[in-house]
1. I need the peptides 181-189, 16-24 ranked by packing, meaning the mean over residues of other C-beta atoms within 10 angstrom, with the highest value on top.
2. Quick one: what do you get for the range 2-89 if you divide its Cα Rg by 2.2 N^0.38 Å?
3. Calculate the length of the line joining the C-alpha centroid of the range 97-159 to that of the range 174-228, in whole Å.
4. Run the numbers on the chain and let me know its relative contact order in percent, using alpha-carbon pairs under 8 Å that are six or more apart.
5. So how compact is the range 1-51: Cα radius of gyration and Dmax in angstrom?
6. In Å, what is the Rg of the alpha-carbon atoms in the range 68-158, and how long is Dmax?
7. As a test of the formula, what do you get for the chain when each DSSP H run with n ≥ 4 contributes -39,500 (n - 2.57) and the sum is divided by the residue count, at 222 nm and rounded to the nearest 500 deg cm²/dmol?
8. Three principal axis extents, largest first, for the C-alpha atoms of the chain, in Å?
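Bear in mind these aren't lab numbers, they're just calculated from the coordinates by the rules spelled out. The model shown is predicted, which means the values in this text are computed figures rather than measured ones. Positions of Cβ are generated from backbone atoms using ideal geometry, with glycine treated the same way; all protein chains shown enter the neighbour counts.
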């Protein structure tokens, strides 16, 4: 079995391009494939490889500024789920396209998976799925609002067009691993929303921690690799 590690960290990299070459060379030498995105705001990605190779890459990442306690969400794959390795430098590690959005300045209140069911069942809470429409189509939480967006950067426009629907509500947001909610909750706070929450560790953290008989999740969690989707226990569940 191969180890799959999904990770992100918002931190400050003065020269992300200088980090890309050594990271790529180390991952290739360690038999690791997948995608890693670097930007001045941090790192994001999912990689797969043998246990020793993943550990080598993670040790390298933890030596980068602000990444000492980097803790990826791990799952397993019987076969390599990525065709190649990509290490890219971009303006953002997840693209919202909004100036002034900075998760390091503050995010919504984290809610651990064990407390998520009680929060989203509250009558004064609106639950919003921040993922793309094709991800929502194969699985989501019961009662969650689907913005129907094709890209994450479409979310701000959707919010501006629909914000009146949520007047007087507490907002609970979720995404696959948590990174999109770091930005979307910071954005909503900047828009004057008083109480914003998000699922710590994302759907993957929930599926790893909450037993199926206690779960409010329906369907499959879409993942961006050849496994297609994951179910409870982070077991591959092809779309």
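1. On the way: 181-189: 24.9, 16-24: 15.1.
Ranking the peptides 181-189, 16-24 by packing returns 181-189, 16-24.
2. On the way: Rg = 11.8 Å, N = 88, 2.2 N^0.38 = 12.1 Å.
That works out to 0.98 for the range 2-89.
3. Each part's Cα centre sits 7 Å from the other's.
4. Numbers: 474 pairs, mean separation 46.5, N = 239.
For the chain, the relative contact order is 19 percent.
5. 11.4, 37
6. Radius of gyration, then largest Cα-Cα span, for the range 68-158: 16.5, 46 Å.
7. Working: 7 runs with 67 residues, N = 239.
That calculation yields -8000 deg cm²/dmol at 222 nm.
8. So the three principal-axis extents are 53, 41, 29 Å.
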